[in-house]
């Protein structure tokens, strides 16, 4: 299947940026073509499958094929058309490749990095909205703020924990949860108590992923590397000296590299998927605890008074079916490679596959959070009817009202698929 055109354009931006770092040894016309393709809206058709993750040779090559007038591009109507036809229409002179041009276009990880950045963007949004969704759930539960007090987290100072605890306190500032309530339980189910940890570790994982993304998209992953005025350390050693060149027109080195290796990114992506799995796990468990009167002192499955239907009982099936996919998606795939190319390429990172799995996990997590939003807003409404002192924080009330604008209180059973979609879109764009 073809890659989303937006991601193809992102991949071209990434490759143009790394070309400008130097090291590719391509003629300037190659960089100019990336610029023209981007500015004139010429987007090659690039497949989503085919790369093992140590340079996207079989994917990025489609960009080069379009540049020389072969293959296909997406036109303004979204249809696939012959690239030469569009190049003529846009007044773009096709590439006549020479030297290292072709290798410079195809031997890089720009496509996998576009997929990775797309997934990271979705995760960033999840970590932005989850504290607020959690806040509504804690208000619906009449839960305890003790797990994210400064005293408790300072007593156990894992990296990033204090910062995430502070964020949760800000989200809930002004809530009735800070009022003393003799009926409030001393300790809540672990899915509520440990959320500060799961969010903290997810944030740490995202920070680490951002670091390696920034290295990869701002450096050269070319092999061999073409280095103008290269550092001559060791050049007096024959084995190293053979890589250096000095003529009246050029001075530098052409050195074989392993810079196509994106394992640091792949490992960070997989850690992110695992941490995100825990975020979804806590969300799914919080949702089901809200359905249980022994924890909430509310009605079973959050049924409104007079609702003789099933309320939210069956929604748990959907919730767990979506969450269960993330258990599989959290498994590592960077070890799943076999030797190819006459056994010389006998390891790979599988970064494209890992990135696609992280994006799918993120999409699933939005749906899990949407289901939590369906339940916790209902719990908040029922709590309000039960407790005259109930008061949401400004942050939680804002999200609550945005959701209620499209998904009203459930007084009788209805089709919840629309509510799930409403919550999904709200959280993705909030």
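The values are calculated or read from the model by the stated rules, or taken from the named source; none is laboratory data. Fair warning: this is a prediction, and the values are worked out from it, not measured in the lab. Methodologically, a virtual Cβ is constructed for each residue, glycine included, from the backbone with ideal geometry; neighbour enumeration extends over all protein chains shown.
Listing for the model above:
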item	result
Condition check for residue 125: in contact with a helix residue (DSSP H, G or I) (Cβ under 9 Å, 6 or more places away or on another chain), at pLDDT 95 or above and surrounded by fewer than 22 Cβ atoms within 10 Å (Cβ to Cβ)	yes
Residue check, residue 276 under 30 Å from residue 184 (Cβ atoms), modelled with pLDDT of 95 or more and either assigned by TED's automatic domain parsing to the domain that holds residue 187 or not in a loop (DSSP other than H, G, I, E, B) (or both)	no
Of all residues making up the stretch 1-57, the number that are surrounded by fewer than 19 Cβ atoms within 10 Å (Cβ to Cβ), under 24 Å from residue 224 (Cα atoms), touching a helix residue (DSSP H, G or I) at 6+ places or on another chain (Cβ under 9 Å) and without any contact (Cβ under 8 Å) to a residue 40 or more places away in the chain	6
Test for residue 51: is it at negative phi and in contact with a strand residue (DSSP E or B) (Cβ under 8 Å, 6 or more places away or on another chain)	no
Qualifying residues in the stretch 345-388 (those that are more than 30 Å from residue 209 (Cβ to Cβ) and part of a loop (DSSP other than H, G, I, E, B)) - the one farthest from the chain's Cα centre (by Cα)	388
Enumeration of residues in the stretch 411-424 that are within 13 Å of residue 314 (Cβ to Cβ) and part of a loop (DSSP other than H, G, I, E, B)	413, 414, 415, 416
From the options 146, 114, 162, residue that is modelled with pLDDT of 95 or more and buried (at least 23 other Cβ atoms within 10 Å of the Cβ)	114
Identity of the residue in the stretch 352-390, in contact with a helix residue (DSSP H, G or I) (Cβ under 9 Å, 6 or more places away or on another chain) and free of Cβ contacts under 8 Å to residues at least 40 places away in the same chain, that ends up surrounded by the most Cβ atoms within 10 Å (Cβ to Cβ)	381
Sole residue being under 24 Å from residue 351 (Cα atoms), surrounded by 19 or more Cβ atoms within 10 Å (Cβ to Cβ), out of contact with any strand residue (DSSP E or B) (no Cβ under 8 Å at 6 or more places or on another chain) and in contact (Cβ under 8 Å) with a residue 24 or more places away in the chain, chosen from 286, 271	271
